[in-house]
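Readers should treat all values here as calculations from the given coordinates under stated rules, not as data from a laboratory. Bear in mind that the values here come from a model prediction, so they are computed numbers and not experimental data. Note that we place each Cβ from the backbone using ideal geometry, even for glycine, and neighbour counts take in every protein chain shown.
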């Protein structure tokens, strides 16, 4: 599921619920506006870590 977490067409929400586009918008800003990357690492029973890389 990790490879889909930032995909704008993937959702685990029921039809009619929130679209869950927050990560898609964040990725667009980081990648297209700033030329960076948005990645994540998930650890079972520990949580998820989001990595934002922007070169200056």
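Spacing of the modelled spin labels on residue 48 and residue 23, each 7 Å from Cα toward Cβ, amounts to 0.3 nm. Approximating the spin labels as points 7 Å out from Cα along Cα→Cβ, the residue 34-to-residue 55 distance works out to 1.5 nm.
Among 43-50, 23-30, the peptide with the highest mean count of other Cβ atoms within 10 Å heads the list, and the full ranking is 23-30, 43-50.
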